[in-house]
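Q: Just passing along the structure, written as C-alpha cells.
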Amino acid sequence: MPAPTEHYQTDVLIIGAGAAGLLAARILAEAGRPVLLVEAQNRLGGRVHTVQPPGFGEVLEAGAEFMHEPVPLTRALLTEAGIAWQATAGRTYVVREGQVQPDADFFDLLPPLLAKLDKLQEDLPLADFLAREFTGEAHAPLRAFATQFAEGYDAADARRVSALALRAEWAAGGAEDSPRPAGGYGPLLHWLAGRAQAAGATLHLATPVQAIRWQPGAAEVIAENGASYHARQVLCTVPLGVWQRPAGQPGHLGFVPELPAHRAAAAQLGFGAVIKIQLDFAQAIWQARLPELEFLLSDAPVPTWWSQLPAARPLLTGWLAGPAAQRLHATPTEEVLALALASLARLLAVPLAALQAQLRASYVRNWAAEPYAYGAYSYPTVGAPAARAALATPVAGTLFFAGEGVYEGPAAGTVEAGLVSGQVAARAMLGQAAL
Ligand SMILES: Cc1cc2nc3c(=O)[nH]c(=O)nc-3n(C[C@H](O)[C@H](O)[C@H](O)COP(=O)(O)OP(=O)(O)OC[C@H]3O[C@@H](n4cnc5c(N)ncnc54)[C@H](O)[C@@H]3O)c2cc1C
C-alpha cells in the first residue's frame, strides 16, 4: 500500500538551502514569519560544499573557496558567526610552451584592451569585440589572454559573454585580494541554518521540488516524493542551471501556470561549467620548479592551478572552466583525473610516474554534471541586466526569486551575490507582508 502523502502548511516556503535560501530563511524567521525550507539534496550549502573526502587529512572546497573582494555582506556574516578568514600568499606564475614566467602579471595586456573597451558604446559578445578591434597575428596573444581570462575566471563562453560587463570587471582590477574563510565556507552556511532554525524555521533535506502550482496569494509546491507544501509566499532560489533545464529532463522545475517571461530571461543568461580537481601530495613537489607557488596560469589542458599558501598543506587545486569544462561534462572522473595529472606533470616538467608516486588522494568535482546545479555560476551575456531584473521580478506578491543568478552588481557569480539576493528577496517579502 502506498504511504499516505504528506501535506504541509506554512506561510513562507523557500526552495533551496544555499547561500540565498539560508540567509532569506534566517531573515524571515527572525521577523516572525513561519518558514519551511525544502532542499533537494541531503546536505546544506548548494554550491558551497566543504568536504573531507576519504584520504584527505583536512577539509577542502568542492565549490566556492575565495572571498572575491569587496564582499561586505559575507564579511559581516563571517564576523557575526565568529569565523575568521585568511589572506592568500605566494607567487603567480605563467607557464607557456614549457617556459616558466615567475611573478607574472596577467594584467600586462589589460591597458590596450581596456582602452578599446572604454570606447565601446554598444554591447557585444567578447569574441566579436576581439575579432573587430584586435585583428591579425600581432594581437593573437591579447585575444588569447582575454578569451582565457573570460573562460577561466568567469567560466564564460567568449561567444556569449558581454564585453561591457567584462570591462567593468577588468577595470576593477580582477580578483587580486581574495582571502578564504578559515575552515571553508561550509561553517558559515551551517551557522546561517542554525540561526534560521533557532528562530523557528523548519528544514526538509532530500526533498527535490518538481512543480510549483500557484495563484495570487497561494501556492502549492509539489516534491518528487509526493509531499505537498501549501504556502502564502514561495521564494525560489534554484540555480540558473535548473531554470534552464528543458521540460521532460531530470531536474526540470515546472511552474503551473508557466512563467514565460522568467523562463525566457533565464535562457538569455549565461551559466558556466567548472571542473575542480584537488590533488593531495606527500610533499610540495612543485616547490623546485615553482617556489612559493600561489597561482599558475598555463596553456595545459587543465590550465589553472593554485596552492593553499600561506598554509603549508601540499594540496594543489586544478581548475578547468567555461566551454572546455562543458565539453567534458560527461567525461568519467578517472579520465578527468588523468588529464589533470598529465597537465601537471607537463607544467612541473616531472615524469607522470613521479607525480603519481607522490599522490596521496584525489577528488574531482564536475559541476556541469552536478544534479540540482548543472553548472557552476552565472556569467553576464549581452542584455544580462534586463534579463536578471526580469528573472528577479516577483509574481503577484506570491512567487519571489533569489540566487546568485538574479543578482546584479559587482559581486556577480559569488557567494556574496547569493547572500545579497537572498537578503533583497526576504526584505521584499516582508514588505509585501506588511501591505
Ligand atoms: C566550483 C565552484 C567554485 C566557486 N568558487 C567561488 C569562489 O571562490 N568564491 C565565491 O564567492 N563563489 C564561488 N562560486 C559561486 C558560489 O558558490 C555561488 O555563487 C553561490 O554559492 C550560489 O548560492 P545560491 O544560494 O544562489 O545557489 P545554490 O548554492 O546553488 O543553492 C540553491 C539550492 O537549491 C537546491 N535546488 C536546486 N533544485 C532544487 C529543487 N528542484 N528542489 C529543491 N531544491 C533545489 C540546490 O540543491 C541548492 O542547494 C563557486 C561555485 C562553484 C560551483
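Please treat every number below as a calculation from the coordinates, not as lab data. Worth saying up front: this structure is predicted, and the values here are computed from it rather than measured. As a convention, Cβ positions derive from the backbone with ideal geometry for all residues, glycine included, and neighbour counts pool all protein chains shown.
Q: When averaged across all projection directions, what area in nm² does the alpha-carbon convex hull of segment 108-170 cover?
A: 3.8
Q: Something else: Can you give me the C-alpha center-to-center distance between segment 127-178 and segment 39-76, rounded to a whole angstrom?
A: For segment 127-178 versus segment 39-76, the Cα centre distance is 27 Å.
Q: I would also like to ask the following. If contacts are Cα pairs under 8 angstrom and at least 6 residues apart, what is the relative contact order of the chain in percent?
A: Worked out over the chain, it gives 25 percent.
Q: Fewest to most neighbouring Cβ within 10 Å: what's the order for Trp367, Trp214?
A: Ordered by Cβ neighbours within 10 Å, fewest first: Trp214, Trp367.
Q: Shifting gears a bit: Can you show me the helix-derived [θ] at 222 nm for the chain, built from DSSP H runs with n ≥ 4 at -39,500 (n - 2.57) apiece and divided by the number of residues, rounded to the nearest 500.
A: Result for the chain, helices only: -10000 deg cm²/dmol.
Q: Pull up all non-local amide H partners of Arg91: gap of 5 or more, or a different chain, and H-to-H distance under 5 Å with H placed in the peptide plane.
A: Under 5 Å from the amide H of Arg91: Leu293, Glu294, Phe295.
Q: Right, another one. Treat the count of other C-beta atoms within 10 Å as a stand-in for reagent exposure and order Arg143, Arg26 from fewest to most.
A: Arg143, Arg26
Q: Now a separate question. Take the Cα gyration tensor of the chain, multiply each eigenvalue by 5, square-root it, and list the three semi-axes largest first, rounded to whole angstrom.
A: 38, 26, 20
Q: Just to confirm a number: summing +1 for Lys and Arg and -1 for Asp and Glu over residues other than Leu347 whose beta-carbon lies under 15 angstrom from that of Leu347, what do you get? Kindly include the intermediate steps, with their values, before the conclusion.
A: Details: positive: Arg91, Arg96, Arg289, Arg346; negative: Glu97, Glu294, Asp299.
Summing Lys/Arg as +1 and Asp/Glu as -1 gives +1.
Q: Which loop GluC sites (Glu not before Pro) in segment 171-261, with loop taken from DSSP, have no more than 15 other Cβ atoms within 10 angstrom of their Cβ?
A: On the way: sites: Glu176, Glu220, Glu224, Glu258; in loops: Glu176, Glu224, Glu258.
Filter output for segment 171-261: Glu176, Glu224, Glu258.
Q: Multiply the residue separation of Glu122 and Glu80 by 0.36 nm, subtract the distance between their alpha-carbon atoms, and state the gained length in nm to one decimal.
A: The Glu122-Glu80 span can extend by a further 10.9 nm.
Q: Using alpha-carbon pairs under 8 Å, 6+ residues apart, how would you state the relative contact order of segment 108-170 in percent?
A: Across segment 108-170, relative contact order equals 48 percent.
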